[in-house]
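One structure below.
The values are calculated or read from the model by the stated rules, or taken from the named source; none is laboratory data. Because the structure is a prediction, the values reported are computed rather than measured. In this analysis, Cβ positions are derived from the backbone assuming ideal geometry, glycine residues included, and neighbour counts consider all displayed protein chains. Surface areas here come from the heavy atoms of the whole protein model, side chains and all, with no ligands, DNA or RNA. Shrake-Rupley method; radii C 1.70, N 1.55, O 1.52, S 1.80 Å.
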Amino acid sequence: MKKGKIILGGGGDIDISVGIDKKYFSLLKNNSKILYIPIALNRTKTGFEASYDWFSTVIVKHSNQKDIDFTMLLEDDEIPDLKLYDSIYMGGGNTYKLLNYIKKSGLDEKIKTFIKNGGIVYGGSAGAIILGKDIRTVEEENDSNYSYYEGLNLLGGKSVICHYKEEADKNVYKTIKKTKSEVLALPEDSGMILDSEGKMEEKVGTIYIFNENNKSQL
């Protein structure tokens with residue numbers, strides 16, 4: 001059985017995340033179908049039109065003339081059959097809001113099965129963080145008192161921080177004590193490709209891993 005891939009993006013905008021975005025689209029075949037989940041954003045249904053336009057631009061920029069189609073999934077939509085898609089793309093915004101939706105809708109287990117069956121999942125910023133063990137790496141975002149903080153834990157027991165800058169190191173060590181996990185720290189221009197077991201296959205840019213005692217580059 002073909003095994004899937006997990007892609008983590010550091011959270012940069014369309015001009016900063018070029019490296020990992022190119023890698024992602026290179027994994028997609030012609031005529032691929034993507035399920036795009038922008039639910040982490042705090043927008044009205046009309047406001048999500050901007051998300052649709054943005055993702056259309058990303059595809060044109062990186063698809064290398066492949067014919068790639070996508071469907072945008074919003075909170076009130078019925079969860080589609082994931083077997084109809086080659087990839088799932090989860091973008092940035094409020095990590096707690098996204099995880100709350102993923103857990104309550106039952107998408108967490110469906111995403112795990114999707115990857116095992118050969119699907120490709122891209123998580124950028126909030127979308128990357130929920131794929132880790134614990135999302136309390138961004139606890140300041142939880143202004144609506146969402147109750148879920150245990151992520152999908154697809155990264156070998158590691159948690160994730162995106163938009164990483166070195167001046168945040170002190171807070172990263174605090175996070176390790178809270179989450180009881182190693183932490184992958186991704187600057188905005190970095191990214192990772194992992195296999196279905198959460199083992200790194202390739203990286204873009206500089207990525208750091210923190211444990212209780214030290215910080216090192218992957």
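Quick look at the numbers
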quantity: Odd one out for Tyr164 among (1) of a type outside the set (S, T, N, Q); (2) in contact with a Pro (Cβ under 6 Å, 6 or more places away or on another chain); (3) open to solvent by 60 Å² or more (accessible area, probe 1.4 Å); calculated: (3)
quantity: Pairs with Cβ under 6 Å, 6+ apart, first in segment 156-171 and closer than 14 Å to Ile129 by Cβ, second open to solvent by less than 30 Å² (accessible area, probe 1.4 Å) and part of a helix (DSSP H, G or I); calculated: Ser159/Thr137; Ser159/Thr179; Val160/Ala128; Val160/Ile129; Ile161/Thr137; Cys162/Ala128
quantity: Any pair with Cβ under 9 angstrom, 6 or more apart, that starts in segment 103-115 at a residue that is surrounded by 15 or more Cβ atoms within 10 Å (Cβ to Cβ) and ends at one that is among the acidic types (Asp, Glu); calculated: Lys103/Glu150; Ser105/Glu75
quantity: Cβ-Cβ under 6 Å pairs, at least 6 apart or on other chains, segment 86-101 side of a type in the set (Val, Ile, Thr), far side modelled with pLDDT of 95 or more; calculated: Ile88/Leu35; Ile88/Val121; Thr95/Ala126; Thr95/Ile129; Thr95/Ile135
quantity: Candidate set from segment 17-30 (those that are among the hydrophobic types (A, V, I, L, M, F, W, C), crowded, with 17+ Cβ neighbours inside 10 Å and within 16 Å of the chain's Cα centre (by Cα)); member that is nearest to Met192 (Cα to Cα); calculated: Ile20
quantity: Output for segment 57-90, where each listed residue is among the hydrophobic types (A, V, I, L, M, F, W, C) and in a strand (DSSP E or B); calculated: Phe70, Met72, Ile88, Met90
